[in-house]
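Read through the structure below, which is laid out as structure tokens, and then see the notes.
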């Protein structure tokens, strides 16, 4: 449907109503979906896809950000493959994802199941668990760094009161990532709980009645009724949480700055450092493109896996 | 950004005229229409107040010129913002920059060569070390504004308790061995830790220890890496021993976000190596103890850190003439005098260096900093003002942090820094 | 017998939930406790759980020292306008993907999902260049427009709208209603639950945005609350009492929004069918 033809039709509309007008109406009907999605497409193109293409272009250059870019070819990509720090930051990201995604989803599910029954103060308790989600990541990081502070933080003060020793939460490489994971759980559990709660409520009661008649115990009810019916919610949460974990930035930036050593340096942290600390925008872009592809592949795998499990059901 | 919509050609002519007038009369042609200039800085409350005072003074002299100051929390955030805005050709007209960073901006032509705006007679009043630190290939790309250095703050009450009298002159400053002994005594007397060093997010402040021990990061001609020398490895091992022995809080490594001045103020550490700009904070917040300042420890040599800042005019400024005039104004004798006295810094003009300045707080402590500033090694100045130094600093940050927090041994640390420094030098 | 053990189990669950809730609340209590503590108490080596003295000095200093009102207004403007644009565009777009068949639909939908996966740090600088080129730096629009398209919202809307019966739309078309009319008069009134979900999440995201506004807004007067918080936190000598006071101020509007809409939140998400 060429734009020119539409223009003609439009032009002749006044002279020849009827046939042409109807053809125009059909054409217009075909255009409507494009008009409706146009605002989003324009915004995504301008502020997401064009920048992504530009980042891809820059990844073949040496660019200090304040000077002029110089062509480097694929050097940034060969460097990336050989850079042990890139692999370490990728490993850190995976460890972070593995330690936060399953745990926060499991806790979210437990909370949702507990809060799906009639309990005194149910609405209030639900709100409390959801509450941290509304706290900005900067504020979360700030308060977490404040509480985990080794010398005047409240957590160590409590440990000392209990007669235990202080723990170097943020300056011992063994403790930094767990501290970060705890702060993450605090934020994310509520979101997972709400989504699971919603999913639980859309399970028809009939299923449970049927299970009861069959004499299924609580555990087997969960295994054979609840969990399979929660699969779509689990799938949605898995994708969102994994993407979120791969993109975590503000919290790390505020809490540990990627240290001690490289123990909490995530890929995104390394990208940020290359771009703004060592002024290697080209290399930062190459890592960015690689990270994007990794997330894309991960999501595609999850997508396929869920499709297969659904068709198996 | 300048809010005046002057057409380009007209602006060029005006700019040429302004420069010409200035060279001939030494004064700036008055701005024709109101001009707004943006200036990006960071700094503590006292510095912010001092900048505001200077801006207000400039406004009374030049009512047409408005300077809008944007304050960032710290240097790192300020650089990130300035760099991004430079990439978008939207940089502020004027920005604060450390001596260590001038070369980076100058070599990328991101800041304006100030030669044509500088009066030769005035140039002669600046201490040569700082003028060179703000220059690149012999041309001034920033105007030195002030300097600062490190000395040793101590908790007077704790010192009385352990019966230690701090050195009273530079030549009597403690040796490394004496210094660590006192740190151990403080710990034995009940202080949770002996001392702390303020090098968080500024690993280059490790270098003075290297010079104290007779080492250098680079060779004398600055062309080779020198970090695998015996002295360097020993210095790494020595600073690492602070952490191993528990003399400093584990949270005070170079990558941490800990603020050691808090730990000094509340008595967690008995001594603090930090800059003069902490005086206002400690005067206000260290209410439970008395404190004093003495000299940095030394080994085979004395050395302290090159600190302080300059002001540069960005290439995106549409009125570099006026911006340069304001930058010169900030560094003129009167304003430099007022700034350093109010915010507790050291001057960089010869005419102010011999003078007793009316420091608002603790002039006794400031005397120590003044004396200590004479120990900044000139080779250290040339090293940290190299255009690529920020990359070497990143290597120092990463590897020293590994040594201090993760047990990477001194030789491996030196080798890792060496590898990265060589890569930087090879470009 | 059985009823009693169920009652016991319920009590145990309830107790567990309450203890968990107290743990979740503690950091927020700690923000508040630090915000009202006098400066001299903040770094004490021995920490009291309840501040010995309560002071409002942190709020007062904050008010005097920083353009607090401007930060709040900016945050509110960005969040409210952002919510309007994003929610409307999301609804229109999600509806289209759910109810229209057109060439390129799948490709476009997956492209949009692909946008969800772009880490902001990767495109920060190019996005900044485009925003600068559009002349949007240091304006609230420079924050609103680049963030107006939200892939997550489109995805949720599509899930929800799939379940709207086609017959309803066809009937309206036969009556000669225009497509936009159908959307605003028939589709939107049916979409209240999903709109509530989108409003809460979008408001929350815009209110808390950090990485992007940090590069776009450089003028203090244009700052939002998280930028102000970052400024205070990053200072050479942060005033922790004031930092926490500001964190508390930033929290309050979100709390109100959440308490008002939380009832619809669960319903709304449930209504997408989660498929």
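The residues of region C:142-164 that are under 29 Å from residue C:211 (Cα atoms) and part of a loop (DSSP other than H, G, I, E, B), listed by number, are C:148, C:149, C:150. Listed by first and then second residue, the pairs linking a residue in region B:25-45 that is more than 8 Å from chain C (Cβ to nearest Cβ) to a residue that is surrounded by 21 or more Cβ atoms within 10 Å (Cβ to Cβ) and at pLDDT below 60, with Cβ atoms under 6 Å apart and 6 or more places separating them unless they lie on different chains, are B:29/B:18. Annotation for region C:235-244: no member residue is under 20 Å from residue A:134 (Cα atoms), within 19 Å of the chain's Cα centre (by Cα), at the interface with another protein chain (Cβ under 10 Å from one of its Cβ atoms) and touching a residue at least 60 places away in the same chain (Cβ under 8 Å). Somewhere in region B:365-372, is a residue in contact with a helix residue (DSSP H, G or I) (Cβ under 8 Å, 6 or more places away or on another chain), more than 20 Å from residue B:337 (Cβ to Cβ), at pLDDT 90 or above and not assigned by TED's automatic domain parsing to the domain that holds residue B:98? Within region B:365-372, one or more residues are in contact with a helix residue (DSSP H, G or I) (Cβ under 8 Å, 6 or more places away or on another chain), more than 20 Å from residue B:337 (Cβ to Cβ), at pLDDT 90 or above and not assigned by TED's automatic domain parsing to the domain that holds residue B:98. For residue A:87, the conditions (1) under 17 Å from residue A:289 (Cα atoms); (2) at pLDDT 95 or above; (3) in contact with a helix residue (DSSP H, G or I) (Cβ under 7 Å, 6 or more places away or on another chain) are fulfilled apart from (3).
Only one residue in B:421, B:313 is assigned by TED's automatic domain parsing to the domain that holds residue B:115, touching a strand residue (DSSP E or B) at 6+ places or on another chain (Cβ under 9 Å) and either surrounded by 20 or more Cβ atoms within 10 Å (Cβ to Cβ) or farther than 27 Å from residue B:152 by Cβ (or both). Which one? Within the list B:421, B:313, the selection yields B:313. If the condition is being within 14 Å of chain B (Cβ to nearest Cβ) and either within 13 Å of residue A:149 (Cβ to Cβ) or surrounded by fewer than 19 Cβ atoms within 10 Å (Cβ to Cβ) (or both), then region C:24-45 contributes C:34, C:38, C:39, C:40, C:41, C:42, C:43, C:44, C:45.
Note on region C:88-101: among residues that are surrounded by fewer than 22 Cβ atoms within 10 Å (Cβ to Cβ) and touching a residue at least 24 places away in the same chain (Cβ under 8 Å), the one that is nearest to the other protein chains (Cβ to nearest Cβ) is C:99.
Has region C:253-266 got any residue that is touching a strand residue (DSSP E or B) at 6+ places or on another chain (Cβ under 8 Å) and under 19 Å from residue A:143 (Cβ atoms)? There is no residue in region C:253-266 that is touching a strand residue (DSSP E or B) at 6+ places or on another chain (Cβ under 8 Å) and under 19 Å from residue A:143 (Cβ atoms). Mind listing just one residue for me: the one in region A:186-206 that is surrounded by fewer than 19 Cβ atoms within 10 Å (Cβ to Cβ) and assigned to a helix (DSSP H, G or I) and, of those, farthest from the other protein chains (Cβ to nearest Cβ)? The selected residue is A:206.
Among the residues of region C:216-231, are any within 14 Å of chain B (Cβ to nearest Cβ), closer than 22 Å to residue B:201 by Cβ and not in a helix (DSSP H, G or I)? Checked region C:216-231: at least one residue is within 14 Å of chain B (Cβ to nearest Cβ), closer than 22 Å to residue B:201 by Cβ and not in a helix (DSSP H, G or I).
Whenever a residue of region C:102-130 is closer than 18 Å to residue B:82 by Cα and more than 7 Å from chain A (Cβ to nearest Cβ), its partners that are at pLDDT below 90 and outside any helix (DSSP H, G or I), lying with C-beta atoms within less than 7 angstrom and at least six residues away or across chains, give the pairs C:128/B:88; C:129/B:88. Quick one: which of B:101, B:81 is more than 14 Å from chain C (Cβ to nearest Cβ), farther than 20 Å from residue B:325 by Cβ, out of contact with any helix residue (DSSP H, G or I) (no Cβ under 6 Å at 6 or more places or on another chain) and crowded, with 21+ Cβ neighbours inside 10 Å? Result of the check over B:101, B:81: B:101. Summed over region C:37-79, residues that are touching a residue at least 24 places away in the same chain (Cβ under 8 Å) and within 16 Å of residue C:250 (Cβ to Cβ) total 15. Pairs meeting the criteria (first residue in region A:271-282 and more than 8 Å from chain B (Cβ to nearest Cβ) and more than 14 Å from residue A:80 (Cα to Cα), second residue buried (at least 24 other Cβ atoms within 10 Å of the Cβ) and at pLDDT 90 or above, beta carbons under 6 Å, at least 6 apart or on different chains) are A:275/A:281; A:275/A:284.
With B:89, B:68 as the choices, which residue is at pLDDT below 95 and either farther than 24 Å from residue B:390 by Cβ or crowded, with 23+ Cβ neighbours inside 10 Å (or both)? Exactly one residue qualifies, and that residue is B:68. Of A:156, A:151, all but one fail to be touching a helix residue (DSSP H, G or I) at 6+ places or on another chain (Cβ under 9 Å) and buried (at least 22 other Cβ atoms within 10 Å of the Cβ); the exception is A:151.
Test residue B:162 against the criterion of being modelled with pLDDT of 90 or more and over 25 Å from the mean Cα position of the chain (by Cα), and give yes or no. Yes: the conditions hold for residue B:162. Taken over region A:121-135, the criterion of being at the interface with chain C (Cβ under 7 Å from one of its Cβ atoms) and without any contact (Cβ under 8 Å) to a residue 12 or more places away in the chain is satisfied by A:125, A:127, A:128, A:134. When we screen A:219, A:236 for residues that are part of a helix (DSSP H, G or I), without any contact (Cβ under 8 Å) to a residue 60 or more places away in the chain and buried (at least 19 other Cβ atoms within 10 Å of the Cβ), the only hit is A:236.
The criterion of at least 3 residues that are under 20 Å from residue A:173 (Cβ atoms) and either more than 25 Å from the chain's Cα centre (by Cα) or within 13 Å of chain A (Cβ to nearest Cβ) (or both) is met by the following helices (runs of 4 or more DSSP H) wholly inside region B:215-303: B:230-244. Can you say whether residue B:177 is part of a helix (DSSP H, G or I), at pLDDT 95 or above and assigned by TED's automatic domain parsing to the domain that holds residue B:292, as far as the supplied structure shows? Criteria met by residue B:177.
Here residue C:188 fits the description: surrounded by fewer than 19 Cβ atoms within 10 Å (Cβ to Cβ), in a helix (DSSP H, G or I) and modelled with pLDDT of 90 or more.
Of all the criteria given as (1) farther than 30 Å from residue B:267 by Cα; (2) at the interface with another protein chain (Cβ under 10 Å from one of its Cβ atoms); (3) in a helix (DSSP H, G or I), the one not satisfied by residue A:156 is (1).
On inspection, residue B:65 does not qualify as farther than 22 Å from residue B:339 by Cα, in contact (Cβ under 8 Å) with a residue 24 or more places away in the chain, more than 10 Å from chain C (Cβ to nearest Cβ) and in contact with a strand residue (DSSP E or B) (Cβ under 7 Å, 6 or more places away or on another chain).
Look at region B:375-416 and say how many of its residues are in the same structural domain as residue B:301 (by TED's automatic domain parsing), in a helix (DSSP H, G or I) and over 19 Å from residue B:104 (Cβ atoms). Counting residues in region B:375-416 that are in the same structural domain as residue B:301 (by TED's automatic domain parsing), in a helix (DSSP H, G or I) and over 19 Å from residue B:104 (Cβ atoms) gives 15.
The values are calculated or read from the model by the stated rules, or taken from the named source; none is laboratory data. Keep in mind that what you see is a predicted model, and the values were worked out from it rather than measured. Positions of Cβ are generated from backbone atoms using ideal geometry, with glycine treated the same way; all protein chains shown enter the neighbour counts.
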